[in-house]
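The values are calculated or read from the model by the stated rules, or taken from the named source; none is laboratory data. Note that the coordinates shown come from a computational prediction; the quantities given were computed from them, not determined experimentally. Ideal geometry is used to build each Cβ from the backbone, glycine not excepted, and the neighbour counts take in all protein chains shown. Accessible surface areas use protein heavy atoms only, side chains included; no ligands, DNA or RNA. Shrake-Rupley method; radii C 1.70, N 1.55, O 1.52, S 1.80 Å.
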Amino acid sequence: KDIGATELQTVKWNPAIAASLAPAPEETRKLAMIGQPVVTASDKGALVVADFTVPLSGTLQWQGPGETVWRTVTGRENTVVRPAAMAAMAPVGPERHDRYSLIFPLMGLPLKPGASYRYKIELRSRDGESLVIGESRFIPSKGEKTLHVGANAEEGGDGSGTKPFASLQDALNRALPGDTVLLGTGVWTRPVILHHGGTEDAPLVIRGQGPEKTILDGGKEVGTLVELRQAPHVHFHGMQVRWFGNLGVYALGSPNGRLENCRIINQALDAGFGRSGNGFHLKNSPRWVVTRSTFNTMEHGMLVVESPEFTAIRNTSYGNIYSGLALIESAKDSRILYNSFNFTGNDSLVIRERRRETFETLLLDYNNYGTILWRVAEIDRGGTVIKTEGRRPENDFTPAGRYGKQGGSKFMMSAIINGEHHSFFRLGDWQKFTGKDQHSIFADPQFADPLRGDFRLLPDTPNRLASGEVIGSGEIAQPAQASN
């Protein structure tokens, strides 16, 4: 607390520490715009982003050529850079108190390329100050573009291959429907927020170089690492999301998204069950597809709330505390197929639905729920004591030593339907109760080296079915590649 100027120089390896120890400015800032608004426009929509000196709210009015009526768009707070001083895996940048950003998405109506559109902005700070940005113009272009982001890029880039953006947020602030944000190899430590998305025919794509090469890292200090709000048709491909406080990827009111070939992790695999945060969380965001992705060592691997028509195909969820997948009022017309939900603290799968008829629309099959169940006489679940005697799984197993210490699961899966709570120790009982998962299995998936994050499958894995289909996100490892 009493660090001096000389000592302060010694911690410049992590700028966030210096920022947290530096004295706060004493002057009171007045509302003012920093620089000029950044406008990106195409035939599929437009974005206006502006930075200011203080927190504020505002509206943008705009009209097209020949129009006399102004349309109004409310600005959305776009400032999410708030890392704390210490990072676990990668140094984070200083918290930015010097600027506050608003974004105005002009979406939903096609724009005419080459035409001139007018806009003006009215703003008000939290202290009641007002500011009017006079009328300006923008001209939409035609076509889609690729925006490059480089881990070692300098500030001030234009998103081209030779001058990439330095931050993912800068690219997202300029990405329109049909555009691709291309992340290079490296580690990004700042959280991002997206207030707009794509369309059915032109999704907004965020693509990395693969989960081992493109990494979004919250340093265990960022609450939500990737946040979508009213951002439909956003597709994520080929990246790792790790070390966040509460949520890895969170989508609110953002339907029709896709997560493919990604890995979300929030704790070292051999660090016991001191795990927190939910990896992938949907709320009021129907029709997402999650495929060939891995979720491990957190609370819920996937938490899907009030988001029906959800599809999860060929994913691996391993070593999470509460569930591999929790479907909360989201079973309607959802498809959960060829997933490996293994070694969870409470349940491999949790489903909660108010109506049995809705539950019946769920397609659930060809999954592996293999885990170690507690060897105790009874379990207290919400005040109800459940006897476990004689209720062991049909083909109980002991996993190989390469899995490390396993804490064990309370149940195989649970369902709350019409307010009634049902917990299951045996796959056969679950199949009989639900009529689902008729081809699913309870078995050791035979991961190659899970403690090192290698979820490839050994050649004799039960996850390779007779049909040739494979359960889970991992490919089949060659014998020489697998660990003992």
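For Ser340, nonlocal amide neighbours, meaning residues 5 or more places apart or on other chains whose placed amide H falls under 5 Å from its own, are Asn315, Thr316, Ser317, Asn368, Gly472, Ser473.
The 1.4 Å probe gives accessible areas that order Thr461, Thr72, largest first, as Thr72, Thr461. Kirkwood analysis of the Cα pair distances in region 160-225 returns a hydrodynamic radius of 12.8 Å. Computed from the alpha carbon positions, the gyration tensor of region 300-375 leads to an equivalent ellipsoid with semi-axes of 21, 13, 11 Å, biggest first. Once the chain from Arg355 to Asn284 is taken as fully extended at 0.36 nm per residue, the excess over their C-alpha distance is 23.8 nm. For region 157-300, what's the relative contact order in percent, using C-alpha pairs closer than 8 Å and at least 6 residues apart? Worked out over region 157-300, it gives 18 percent.
Both the radius of gyration and Dmax for region 313-357 are 11.1, 32 Å, in that order, over alpha-carbon atoms. Using the Cβ-Cβ distance between Thr398 and Glu212 with R0 set to 25 Å, the FRET efficiency works out to roughly 0.25.
Backbone amide hydrogens, once placed in the peptide plane, bring Lys332 within less than 5 Å of Glu309, excluding anything fewer than 5 places away on its chain.
Scalar couplings 3J(HN,Hα) for region 214-223, obtained by applying the Karplus form with A = 6.51, B = -1.76, C = 1.60 to θ = phi - 60°, are 10, 10, 9, 10, x, x, 6, 10, 9, x Hz; x denotes Gly and Pro. Using C-alpha pairs below 8 Å separated by at least 6 residues, the relative contact order for region 167-219 is 45 percent. What FRET efficiency comes out for the pair Ser276/Gln36, r = Cβ-Cβ distance, R0 = 41 Å, nearest 0.05? Given R0 = 41 Å and the Cβ-Cβ separation, E is 0.50. In this calculation the C-beta distance from Val132 to Leu252 is compared with R0 = 41 Å, giving a FRET efficiency of 0.85. Spin-label model, Leu451 to Glu200: label points 7 Å out along the Cα-to-beta-carbon direction sit 5.0 nm apart.
Counted residue by residue at 0.36 nm each, then reduced by the alpha carbon distance between them, the extension gain from Glu329 to Ile139 reaches 64.0 nm. Translational diffusion of region 206-309 was estimated from the Stokes-Einstein equation, with Rh taken as the Kirkwood radius over Cα pairs; at 37 °C and 0.692 mPa s the coefficient is 245 µm²/s.
In the structure shown, the pairs Lys44/Lys220; Lys220/Lys332; Lys142/Lys163; Lys410/Lys432; Lys163/Lys213 are assessed against 30 Å; a Cα-Cα span above that value is assigned to Lys44/Lys220; Lys220/Lys332. Stretching the chain fully between His422 and Lys163 yields a gain of 87.6 nm (0.36 nm per residue, less the alpha carbon separation).
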